[in-house]
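Read the structure below first, then the notes.
The values are calculated or read from the model by the stated rules, or taken from the named source; none is laboratory data. What you see is a predicted model, and the numbers here were worked out from it, not measured in a lab. We place every Cβ from the backbone using ideal geometry, glycine too, and count neighbours over all the protein chains shown. For the accessible areas, the whole protein counts, side chains as well, though only heavy atoms, and no ligand, DNA or RNA atoms are used. Shrake-Rupley method; radii C 1.70, N 1.55, O 1.52, S 1.80 Å.
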Amino acid sequence: METFLGIEYTTWWFLILGATVTGYAILDGFDMGVGAIHLFFKKEESRRLAINAIGPVWDGNEVWLVITGGVLFAAFPPVYATLFSGLYIPLMLFLVMIIFRAVSIEFRGKEKMAWWRKTWDISFSISSTVMAIALGMVIGNVLQGMPIGADGEFSRETGFSFINPFSALTGVTSLSLFMLHGALYLGMKTEGRLYARLTIIIKNTTIFFVLSLLHLTFYTLLYVPHLTEKLKEAEWLFILPACLVLLVANITRLVSKKKYKWAFASSSGVIASLLLLVAFELFPVMLFSSINPDYSLTLMNSTASEKSLSIMLIIAMIAIPLIAIYTFFVFWTFRGKVKIDDHSY
């Protein structure tokens, strides 16, 4: 196998995929979270502030989803094909909800009638909530395993086989984490009445996330043993769940001191830690087969040719840093507390 800086091309692309997924989860995660808690704000001014807090960045955050899809399609074609055929319903539901969320944000402020704005408020909240749950359920099915046959293709038993206890728990945990992440982002970007209201919402979403994560952890330990094998074999990996606990505790500490910027950084760390844990639990498997582990799609049997990977790696090392710089520039340009003006949503 050819290498670059001592690391095989397949491993490089696994790392790139992990980085883009993490980038999307952190960036669009708070957009989904803001939408999921949107209806908890009763005042028109609070709802406008919440939408305008994500207004300059939400569409740019979705770029990381496009990159993730491109990486999966180009570097891991069999994984892309099997994943989308096996989880077609939740993935299409996720994509449709992205459209509804965008329309809701853009259409809400076009008319001043109360019923018009309330309709798009509901659409914004529902679409964001469904996105978070659908994304979590996709991750849950990938972790738990899918019925993949010897030919590497999905053996469909029922169109709704993606709904199971483990995927439901990952969906709820994903929603709770993004709600907390979004609430912390608003705490960092707002002031006044909404800022005070967020103190209660952050407390409740923290409790929601901790309870969801505990239920998911217990279920994993009892019924999904292959996910804990790596942790048992390499004791040093225990540092990841330990960091996760410390980061969640740090969020509570920072919120009590009203240091929302650092609390938001901690919630970003929680997302990164969870996805890093997922990567370690799966590697080198891409899609685990629940029929027979030998049928799993791995880095060895589901990547593009080495020549393709090497050429695309050069492109990725130029393009991804440029997109990261652009993302940083946008956040830096629109830093500070959000204000409502004539050009606001």
Quiz item: So which pairs qualify, if the first residue must be in region 234-259 and over 30 Å from Leu282 (Cα atoms), the second must be of a type in the set (Phe, Trp, Tyr) and open to solvent by 60 Å² or more (accessible area, probe 1.4 Å), the Cβ gap must be under 6 Å, and the two must be at least 6 apart or on different chains?
Solution: Leu254/Trp262
Quiz item: Residue check, Glu191 against (1) part of a helix (DSSP H, G or I); (2) in contact with a Lys or Arg (Cβ under 6 Å, 6 or more places away or on another chain); (3) surrounded by fewer than 19 Cβ atoms within 10 Å (Cβ to Cβ), all met but one. Which one?
Solution: (1)
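So which residues in region 102-154 are assigned to a loop (DSSP other than H, G, I, E, B) and without any contact (Cβ under 8 Å) to a residue 40 or more places away in the chain, if there are any at all? Quick ask: steps written out before the conclusion?
First, pick out the residues of region 102-154 that are assigned to a loop (DSSP other than H, G, I, E, B): 109-113, 145, 147, 149-153.
Answer for region 102-154, where residues must be assigned to a loop (DSSP other than H, G, I, E, B) and without any contact (Cβ under 8 Å) to a residue 40 or more places away in the chain: Lys110, Glu111, Lys112, Met113, Asp151.
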Self-check item: Every residue from region 225-254 that is open to solvent by 40 Å² or more (accessible area, probe 1.4 Å) and of a type in the set (Val, Ile, Thr)
Solution: Ile239, Val245, Thr252
Quiz item: Do we have any residue at all in region 267-288 that's open to solvent by 40 Å² or more (accessible area, probe 1.4 Å), in a helix (DSSP H, G or I) and modelled with pLDDT of 90 or more?
Solution: yes
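If we scan region 65-75, do we find a residue that is of a type outside the set (A, V, I, L, M), under 14 Å from the mean Cα position of the chain (by Cα), in a helix (DSSP H, G or I) and surrounded by fewer than 20 Cβ atoms within 10 Å (Cβ to Cβ)?
Pass one, region 65-75, residues of a type outside the set (A, V, I, L, M): 68-70, 73.
Checking which are under 14 Å from the mean Cα position of the chain (by Cα) leaves us with 68-69.
The next check asks that each one be in a helix (DSSP H, G or I); those that pass are 68-69.
So of that shortlist, the ones also surrounded by fewer than 20 Cβ atoms within 10 Å (Cβ to Cβ) come out as 69.
Scanning region 65-75, I find at least one residue that is of a type outside the set (A, V, I, L, M), under 14 Å from the mean Cα position of the chain (by Cα), in a helix (DSSP H, G or I) and surrounded by fewer than 20 Cβ atoms within 10 Å (Cβ to Cβ), so the answer is yes.
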Practice problem: Could you grab me the full set of residues in region 155-188 that are in a loop (DSSP other than H, G, I, E, B) and in contact (Cβ under 8 Å) with a residue 60 or more places away in the chain? | Solution: Ser155, Arg156, Gly159, Phe160, Phe162
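Just checking, which of Leu254, Leu246 is out of contact with any His (no Cβ under 7 Å at 6 or more places or on another chain) and over 20 Å from Met188 (Cβ atoms)?
On the way: Leu254 fails: over 20 Å from Met188 (Cβ atoms).
Criteria check complete, one pass: Leu246.
Name the single residue, out of those in region 170-182 being under 14 Å from Ala134 (Cβ atoms) and not aromatic (Phe, Trp, Tyr), that is most open to solvent (accessible area, probe 1.4 Å). Don't jump to the end; show me each part of the working.
Filtering region 170-182 down to residues under 14 Å from Ala134 (Cβ atoms) leaves 170-175, 178.
This time we only want the ones that are not aromatic (Phe, Trp, Tyr), so: 170-175.
Values: Thr170: 13, Gly171: 0, Val172: 60, Thr173: 10, Ser174: 19, Leu175: 22 Å².
In this case the residue turns out to be Val172.
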Practice problem: Could you tell me whether region 49-67 includes any residue that is among the acidic types (Asp, Glu) and without any contact (Cβ under 8 Å) to a residue 40 or more places away in the chain? | Solution: yes
Quiz item: Could you say whether any residue in region 35-44 is part of a helix (DSSP H, G or I), open to solvent by less than 10 Å² (accessible area, probe 1.4 Å) and at pLDDT 90 or above?
Solution: yes
Self-check item: Odd one out for Ile89 among (1) β-branched (Val, Ile, Thr); (2) farther than 14 Å from Gly23 by Cβ; (3) open to solvent by less than 20 Å² (accessible area, probe 1.4 Å)
Solution: (3)
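Go through region 313-345 and count every residue that is among the aromatic types (Phe, Trp, Tyr), more than 21 Å from the chain's Cα centre (by Cα) and at pLDDT 90 or above.
In the first step, residues of region 313-345 are kept if they are among the aromatic types (Phe, Trp, Tyr); the result is 326, 328-329, 331-332, 334, 345.
From the residues that got through so far, the ones that are more than 21 Å from the chain's Cα centre (by Cα) too are 329, 332, 334, 345.
Subset that is at pLDDT 90 or above: 329, 332.
Count: 2.
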